[in-house]
Amino acid sequence: MKAAASESLPPLARNSHAMHCKLCLSGLPFSQVEMDSSRIALGFYCLGTLDLLGVLETKTTPSEREAWRNWLWEQQTHGRYGSGFKPSPYMTSDILLDEESEFDTPHLIMTYTALMSLAILRDDFSKLDRPGILKFLRSCQRGDGSFSASPNGGEADLRIVYCAFVISSLLDDWSGMNVDAAIAYVQRCSSYEGGYGQTPFGEALGGTTYCAVASLYLAPSTPLSPIEHRLSSSERSRIIRWLVQKQTSLGGFSGRTAKAADACYCFWCGAALNILGAGDLVDSAALASFLGKCQYQFGGISKAPSERADPYHTYLSLAALAIYKPKGTNESWELPQVDVLRNATVDTALWARNRIRAGEV
Ligand SMILES: [Zn+2]
């Protein structure tokens, strides 16, 4: 079923969405308190929203941006497992409780989001401990090829593998991992449905399918796994079919079979289809219509119409709209191109790649 024509879309409330994220960035209102354990990730979605809307320079001051850069660098830790970023000043790890380093254990997802946030803030990365990051990556890879979020323990799944792949691509150095083992792990997460589960034999999910597809395209060719043989054409078709079926009659995507549409999956499923070269199968007018209805009246975008907004769904909705621009709409819907593999604007991803690359100081 086709949704309403894009001509009838409401304006994209850019200013309100920017203010929602600016507010969350500066004070973490009560509705976001439960996210304190991952403040770096929350900061990434807020900064990413301002970046996508092209208002970072106008809605924030140079001293605010400097304060955020300094705060992010304060989360970089150095220890026997190498260097990475911890989730927030108050985060304690659930492993190594009897060891001195417990408060400083770096976290892979937070390291990825910290690096991207610093790139959005146009940091020069002179404080980055590149050899330390590679050592940290090595200490997180497990025998089955997967990565745990923290060294020698913690959760291990495709999301964390994806973060390790993006970090390696930004360093342009893959010596922090056994690439073949990691790719084999990704392939083992393929589900009979066509999408990818969070771990082998898991139910196919939109977010982890994105992580799998992006990872398979990010990793360089190896003798054992040439990039062109990583996905057979029948496998590719199966993934595309599963992803396309996730676009619901409301225009939004759902994250798993027989679930309701949720704004974040417009990015996870839409971006995966774009990477697979199947973006023309997305009904972009219906997608924009759904996301237009998810705009919260006081700013920000929510997971579904009439729900409360948050920076996570705001950022991912805008990123989805940047990939699938609705045709014939007014300029409020204009968004910059995104680097779909690294989940940032093309300009930010390029900044990160040019300055994080190993060997440059
Ligand atoms: Zn969601």
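The values are calculated or read from the model by the stated rules, or taken from the named source; none is laboratory data. Please read these numbers as outputs of a predicted model, since none were measured by experiment. Because the Cβ atoms are built from the backbone with ideal geometry, glycine has one as well, and the counts that use them run over all protein chains shown. Quick note on the areas: whole protein, heavy atoms, side chains included, nothing else; ligands and nucleic acids left out. Shrake-Rupley method; radii C 1.70, N 1.55, O 1.52, S 1.80 Å.
A Förster radius of 22 Å, combined with the Cβ-Cβ distance separating K259 from E307, puts the computed FRET efficiency at roughly 0.90. Taking amide H positions as modeled 1.01 Å from N, with prolines and chain starts lacking one, the residues under 5 Å from R142 and 5 or more places away or on another chain are F147, S148. With a ≥ b ≥ c the root eigenvalues of the C-alpha gyration tensor of the stretch 176-316, is it rounded (a/c under 1.5), prolate (a/b larger than b/c) or oblate? Because a/c hits 1.5 or more and a/b exceeds b/c, the stretch 176-316 counts as prolate.
Take the alpha carbon gyration tensor of the stretch 6-356, find the square roots of its eigenvalues, order them as a ≥ b ≥ c, and report rounded if a/c is under 1.5; if not, report prolate when a/b exceeds b/c, else oblate. Here the stretch 6-356 falls in the oblate category. When a 1.4 Å probe is rolled over the protein heavy atoms, the share of accessible surface on the chain that falls to carbon and sulfur comes to 53 percent.
Over the chain, give the accessible area per residue in Å² for a 1.4 Å probe, as an integer.
42 Å²
Using 0.36 nm per residue and subtracting the Cα-Cα separation, the extra length available between D129 and F201 on full extension is 22.3 nm.
Would you give the gap between the C-alpha center of the stretch 174-238 and the C-alpha center of the stretch 242-264, rounded to a whole Å? Computed from Cα coordinates, the inter-centre distance equals 21 Å. Whole-Hz Karplus values for the stretch 341-355 come out as 6, 9, 6, 7, 5, 4, 5, 5, 5, 5, 4, 4, 5, 6, 9 Hz, taken residue by residue from phi with 6.51 cos²θ - 1.76 cosθ + 1.60 and θ = phi - 60°; glycine and proline positions read x. Between Y192 and E155, the contour length at 0.36 nm per residue exceeds the alpha carbon distance by 11.0 nm.
Taking packing as the residue-averaged number of other Cβ atoms within 10 angstrom, the listed peptides 210-217, 324-331, 225-232, 177-184 run from highest to lowest as 210-217, 177-184, 324-331, 225-232.
Averaged over residues, the count of other Cβ atoms within 10 Å places the peptides 104-117, 296-309 in the sequence 104-117, 296-309, highest first.
Here the gap between S234 and D283, fully extended at 0.36 nm per residue and compared with their Cα-Cα distance, gives a gain of 15.3 nm. Return the FRET efficiency for the residue pair S26, R122: r is the Cβ-Cβ distance, R0 is 22 Å, and the value is rounded to the nearest 0.05. About 0.70, to the nearest 0.05.
Highest average first, the peptides 163-169, 274-280 ordered by how many other beta carbon atoms sit within 10 Å of their residues are 163-169, 274-280. Summed over qualifying helices (DSSP H, 4 residues or more, each -39500 (n - 2.57)) and divided by its residue number, the chain shows a 222 nm mean residue ellipticity of -14000 deg cm²/dmol.
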